[in-house]
1. At 1.4 Å probe size, with every protein chain present, just tell me what the per residue accessible area of segment 15-111 comes to in Å².
2. Show me 263-274, 401-412, 229-240 ranked by packing, highest mean number of other Cβ atoms within 10 Å first.
3. Out of the total accessible area of the chain (probe 1.4 Å, heavy atoms of protein only), what percent is carbon and sulfur?
4. Determine which aspartates and glutamates satisfy two conditions relative to residue 88: a Cα distance under 16 Å, and not lying fewer than 8 residues away in the same chain.
5. For the chain, take the longest principal axis of its alpha carbons; what is the angle in degrees between that and the long axis of helix 255-266, to the nearest 10 within 0 to 90?
6. What length, rounded to one decimal in nm, is gained on full extension from residue 118 through to residue 485, with 0.36 nm per residue of separation minus their alpha-carbon distance?
7. How far apart, in nanometres, would the label points at residue 207 and residue 286 be if each is projected 7 angstrom from Cα along the Cα-to-Cβ direction?
8. Any idea what the relative contact order of the chain is, in percent, if you count C-alpha pairs under 8 Å spaced at least 6 apart?
Amino acid sequence: MQTKKLKIIPLGGLGEFGMNCMALRWEDDIIVIDAGLMFPESELLGVDVVVPDISYLVENKEYVRGIILTHGHQDHIGGLPWFLNELKVPVYGTEFTLAYVEGNLEEHELLDETELIEIAPKEKFTIGPFTIEPIRVTHSMVDAVALAIETPVGVVIHTGDFKIDLAPLDDRAFDLHTFAEYGKRGVLALLQDSTNVERSGYTPSERAVIPRLDEVFSQAKKKLFFSCFSSSIYRIKIAMELARKHGRKVAVVGRSMMESTEIAQDLGYIDIPQGLVINPGQMKDFPPEQLMVLISGTQGEPMSALSRAALDNHKFAHIDAGDTVVLSSRVIPGNEKGIFRVIDHLSRRDANVVYDDGSNGLIHVSGHGSQEEMRLMINLVRPKFFIPVHGDYRILRKHAELAMETGAVEHAIVIEDGDVLELDKDEARKKDKVTAGRVLIDSGSSIDVVEDLVIRDRKILSEDGIVLAVLAINKRTGKMELPPEVIMRGFGGADITDQACEVMMKTLDELSSEQKADYGMVNEKVRVELKRLIQKTTGRRPMIMPVILEI
Ligand SMILES: [Zn+2]
Ligand SMILES: [Zn+2]
């Protein structure tokens, strides 16, 4: 007789950064940990987001019992609308995580039909054969948990994202004790966040940015723009407290920033004294040295509030000579060009830009633990099997080596998306493979699920065609050097080439010459306008690729 096995099946985030998703299966019961998305790399032109291929879950839909979220970052919850379109299952998360999820689901009109179940550290709950205990961890995101999952063959611990911040800003301590207790009783497998495996030492506390930011606040002569990820509640809290200390009113600009601040305030993470926050429209009533503008757009996203402000294109946020702009975030690889373009625009306006250039003290810290924190966790949990999660193959591999060096694990196993790892009390073995991959999604709608990368191009090209919009723009003057050209393939019927050229000319005319010189801005505007025209006149949704030649 064949003995029963536990199956661990990663569907996203093992082999890439982002779109985290992991399935656990015991017989006819499946639970899913996280449902993330990933933002497309620039070579995936014309695509808005990327989510994991969940064919395996869809094929086994009657067995999927729920999705459990570790925390509210987009690479863990952002795929939910697409998941829930296919799987009608309850979603479990902590209070703050669910507050984010609600907003997300509301946008996709999925909120009413989805069952959201709040979970909390130390409160065990049961789903089929699994009994799950959320364990408090610290991270750059508030209210993050790891999951200890009791299965018929032993305990599996999934850390989620974490760093060990021994002085968290919300006084919610990392629950090292509970990890140690599980370690003492025996843990079958530890699935641990690999993100920072190449960094030695410890990751500094979220508090570590305070001294340098305090200095920046004291030196700022005019308005102070503070930009960070809208989900960085700790960073927003620090900025608000510094604004109060230095006698500045706070205007919150950008939709995501406003929503985040509101949720954080409602749930007690930020305590905003009466009168500190003003409406953006009231800024003109205060002298510049009494203002802080909390603004979104640290990654140079072309349509973000900061990018628009940097080009004098925002209703309320105006950059003047002598203003200070703080980018309290890291430069995510791939975004350098966009970020430095925004910094250029700001510098041209004689703003003083403070960003993470590695000098002059910390203005940003990572949310992921470095090597010593990884080693510490492994030593507390002492699992039989160690499985690195979250990262490229190289990173997973290094993490497995690091785990073996601790002497505290019996085996380290590297698995990737689609692998099926079968475990019993004594053994872990890679068995078969299931479908895994990336699904590319165009625009914010849940019906627009485009197929997996391999067949995507073929499919779009055959059904909806392709549009190449070629513009030659002089980088210095912003002038169009040649008439625009549009190449369309795969469309039958109406020829709208002339109309498309007109739309492009018109779009460009409406931009200032500085905006015209901004590749990202032109690219996005042209894409949006062409999409609108083509959809209206033909009902098609071709792949639109603006090709902008900077001359
Ligand atoms: Zn995270
Ligand atoms: Zn993450």
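1. 32
2. Numbers: 263-274: 15.2, 401-412: 16.8, 229-240: 24.2.
Highest mean packing first, the order is 229-240, 401-412, 263-274.
3. 48
4. Those aspartates and glutamates meeting the cut-off are 29, 34, 59, 62, 102, 106, 109, 112, 113, 115.
5. Taking Cα atoms only, the helix is inclined about 50 degrees.
6. Details: separation 367, 0.36 × 367 = 132.12 nm, distance 5.36 nm.
Length gained, residue 118 through residue 485: 126.8 nm.
7. 2.7
8. 16
The values are calculated or read from the model by the stated rules, or taken from the named source; none is laboratory data. Treat the numbers as computed from the prediction; the structure is a model and nothing was measured. All Cβ positions, even for glycine, are placed from backbone atoms using ideal geometry, and neighbour counts span all protein chains on display. Areas reflect the complete protein model, heavy atoms only, side chains present, ligands, DNA and RNA absent. Shrake-Rupley method; radii C 1.70, N 1.55, O 1.52, S 1.80 Å.
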